[in-house]
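Written out below as structure tokens is the structure these notes cover.
The values are calculated or read from the model by the stated rules, or taken from the named source; none is laboratory data. For clarity, every value in this text was computed on a predicted model and none was experimentally measured. Cβ sites come from the backbone with ideal geometry, for glycine too, and all protein chains shown count toward neighbours.
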Amino acid sequence: MKDKASLLLAILILFVIFVIFCNPIAMVGVGQRGVKVTLGKVSPKSYSEGIHFVTPFISKIKVMNVKTQKISMSTDVYTKDSQQARISYVVNYNLMPQYVHQMYREVGMDYLNTILMPAIEGTIKDVIGKWNAQDLVANREKATKEILVKLYDHLQDNYINISDFQMTAINYSDVFERAIEEKVKAEQEALKAKNKTVQIEEEAKQKIISAEAEAKSMRIRATALTQNKALVEYEAVQKWNGKLPEYLMGNTIPFLNLQTKK
């Protein structure tokens with residue numbers, strides 16, 4: 001029994017040594033894909049999460065990340081009107097799981113610096129170069145969307161999926177930013193002055209209309225009074241306070257035109 005136990009222990013020890021030194025087991029973790037390479041030849045498929053066996057000294061599995069990853073960077077570009085700008089941005093991307101083996105075969109592990117970053121930098125410069133500096137600030141969302149669409153279309157053919165792109169900041173030189181602020185301030189002052197002028201003109205028009213209406217009313221009243229003597233007396237009565245004057249010149253009582261019956 002002791003000999004049998006010793007034999008089993010020896011076998012177990014040899015197996016552990018074999019596993020440690022020969023490593024026939026490969027582990028692909030969560031959010032990863034494996035690429036099997038046998039004597040320098042890449043397998044025609046990607047290996048999913050889990051344990052995989054390989055032939056020691058002949059095959060090995062390269063593990064690549066397929067989770068969504070984020071890049072936060074800044075780059076210097078020139079606008080259409082030759083203003084230098086520093087663009088800060090964030091990109092979310094992931095390697096397409098089903099094409100991991102092809103990425104490894106065609107590019108290798110460092111696809112970030114070989115494909116992704118050059119595509120991002122080139123697309124940003126291309127799109128920003130279509131805008132004048134001041135217009136870019138007002139149309140940042142539109143420029144951001146254009147960059148995202150271009151990156152998505154371009155990198156699909158390179159086995160990379162772009163899920164989001166955000167332009168987080170646009171920074172110009174201090175001199176140019178001051179010039180923009182002064183221009184905006186001048187435009188605001190000009191608009192304020194224009195609005196004031198419109199207000200004054202409108203008030204003047206209203207006064208003219210009011211004066212014309214009053215003059216027309218006076219003409220009508222004057223014509224009516226001229227043509228109707230009784231109306232003159234009526235107007236006088238309308239303005240009389242009801243008291244007789246204390247001193248009268250003559251025997252005539254104002255406003256009263258009495259006729260006696262015979």
Collect the residues in the stretch 118-147 that are in contact (Cβ under 8 Å) with a residue 12 or more places away in the chain and under 30 Å from Lys62 (Cβ atoms), keeping them in residue-number order.
Ala119, Ile120, Glu121, Thr123
Counted residues in the stretch 30-49 being surrounded by fewer than 11 Cβ atoms within 10 Å (Cβ to Cβ), in a strand (DSSP E or B) and not basic (Lys, Arg) come to 1
Among residues of the stretch 94-108 being out of contact with any Lys or Arg (no Cβ under 7 Å at 6 or more places or on another chain) and closer than 13 Å to Asn65 by Cβ, the residue surrounded by the fewest Cβ atoms within 10 Å (Cβ to Cβ) is Met96
So Ile208, is it over 23 Å from the mean Cα position of the chain (by Cα) and not assigned by TED's automatic domain parsing to the domain that holds Ser82
yes
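To keep it simple, each residue is scored yes or no on (1) at pLDDT 90 or above; (2) among the acidic types (Asp, Glu); (3) in contact with a Lys or Arg (Cβ under 7 Å, 6 or more places away or on another chain); (4) not assigned by TED's automatic domain parsing to the domain that holds Val107.
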position	(1), (2), (3), (4)
Phe21	no, no, no, yes
Ile25	no, no, no, yes
Gly31	yes, no, yes, yes
Lys36	yes, no, no, yes
Lys41	yes, no, no, yes
Lys45	yes, no, no, yes
Ile58	no, no, no, yes
Can you tell me which residue is farthest from Val127 (Cα to Cα) among those in the stretch 146-158 that are surrounded by 14 or more Cβ atoms within 10 Å (Cβ to Cβ) and of a type in the set (D, E, K, R)?
Lys150
When residues of the stretch 178-202 are limited to those that are of a type in the set (A, V, I, L, M) and within 17 Å of Ala138 (Cα to Cα), the one modelled with the lowest pLDDT
Val184
